[in-house]
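The values are calculated or read from the model by the stated rules, or taken from the named source; none is laboratory data. This structure is a prediction, so every number in the text was calculated from the model and none was measured. Methodologically, a virtual Cβ is constructed for each residue, glycine included, from the backbone with ideal geometry; neighbour enumeration extends over all protein chains shown.
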Amino acid sequence: MRKIKTKAIKPKISRANKKVGKAPGTITYLGYREKTDSVIHVINYDESSVDENYPKTIKELLDSKKANQTNWIDVVGLNDESFIERLGKQFGLNALLLEDAVNTQQRPKIDEYGDHIFAVFKMLYLDEHSVLVSEHVALVLFKDSVLVFQELEEDVFEGVRNRIKSKDSRIRKRGADYLFFALIDAIIDNYFFVLENIHLKIEELEEEVYADPNPDIAKRIQYLKKEVLKVRRFIYPVRDLVSRLVDSENELISKDTRVYLRDALDHCIEINESLQIYREMSMSLMEMYMSNMSNKMNEVMKVLTIMASIFIPLTFIAGIYGMNFDNMPELHSKNGYFIVWGVMIALFIGMMIYFKRKKWL
């Protein structure tokens, strides 16, 4: 994977307002990435050769396609809406498809058209600070090409690129449908790294909750719960989508590629099972935190109650002899002061022994 450098962008207003009142099929980018021109990266390959280029215009892109090779067309940057629209027309893509391709709020989905298959996924990975990055990615499978729309240059496809450059790799000997599978498989495999990071966070928080629960841990637990729910919303539908591809009778997907898609489906099932476990664990963390905080408070109250119980009889004795009535005979006793101290010390020691035997201390 390439070194990832991203900026965390905190949205201030809902971008969904940009779509209000617009006709269906209107191409509107709803993400929060900085506006940049779209960049095209094309890889053409077959079993004997690999060509890589960066066409500047759509015309150069169309000229770079080779009918006798597999073409991977990677479009980076979704906020150049006019460019996306013109590109879609050249490839004969439906306006509703292009709308979903740039709509970063679109949940994962798969649509089958006459001569192409359209898929939307959420690409999840960790940046250099182990912060979760979610990136919208759309893939279109044609007979001899795969068109990819993604928000950022950073992605999880570096392994696929390296395999294409390797002369003896399986991907070089297969068609566009296998490339389509390989890209989806790379997205799914990277979910394991995200889940592993969540698992480590849960284990770390569990230890801290038991050792020293404090308000800062409660905030981190709440943030983790939101992160798990976010990841679940992006990952959970993928199993059904891959299952649809396995069961699809579309001629664009060969019988051999369906075998590999079944393996990806097994990974999806495993991921969803793990995600469900982590979701329950993250939700139980807050219960554990509240329980430990309650136990900690009970320990404090226990100590205070024991201290109060010890001083109640001592206070009673001191109160009795602090009334200063003239007819209290003990006030005139020569050894009265020392006797009272002895009684109070004996009471203190006796109560400490009693609490110790009761295992209250």
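There is no residue in segment 208-216 that is among the aromatic types (F, W, Y) and under 15 Å from L132 (Cα atoms). Cβ separations smaller than 6 Å between residues 6+ apart or across chains give the following pairs from segment 36-62 residues that are of a type in the set (D, E) to residues that are outside any strand (DSSP E or B): D37/D80; D46/Q69; E47/R172; E47/K173. Kindly indicate the residue of segment 100-142 that is more than 12 Å from the chain's Cα centre (by Cα) and of a type in the set (F, W, Y) and also farthest from N190 (Cα to Cα) among those meeting that condition. Out of the qualifying residues, it is Y113.
Counting the residues of segment 111-137 that are under 15 Å from F149 (Cα atoms) and surrounded by fewer than 20 Cβ atoms within 10 Å (Cβ to Cβ) gives 1.
Close Cβ contacts (under 9 Å, 6 or more residues apart or on different chains) running from residues in segment 128-151 that are modelled with pLDDT under 90 to residues that are surrounded by fewer than 19 Cβ atoms within 10 Å (Cβ to Cβ) and basic (K, R) comprise E128/K3; E128/K5.
Here are D177, D168: which of them is in a helix (DSSP H, G or I), farther than 30 Å from M288 by Cβ, assigned by TED's automatic domain parsing to the domain that holds R239 and of a type in the set (D, E)?
It is D177.
Only residues that are out of contact with any helix residue (DSSP H, G or I) (no Cβ under 8 Å at 6 or more places or on another chain) and in a loop (DSSP other than H, G, I, E, B) were counted across segment 333-352, and they come to 2. Considering only residues in segment 143-157 that are under 21 Å from the mean Cα position of the chain (by Cα) and not in a strand (DSSP E or B), the one that is surrounded by the fewest Cβ atoms within 10 Å (Cβ to Cβ) turns out to be E153. For segment 240-262, the criterion of a residue being among the acidic types (D, E), part of a helix (DSSP H, G or I) and farther than 21 Å from I110 by Cβ is satisfied by no position.
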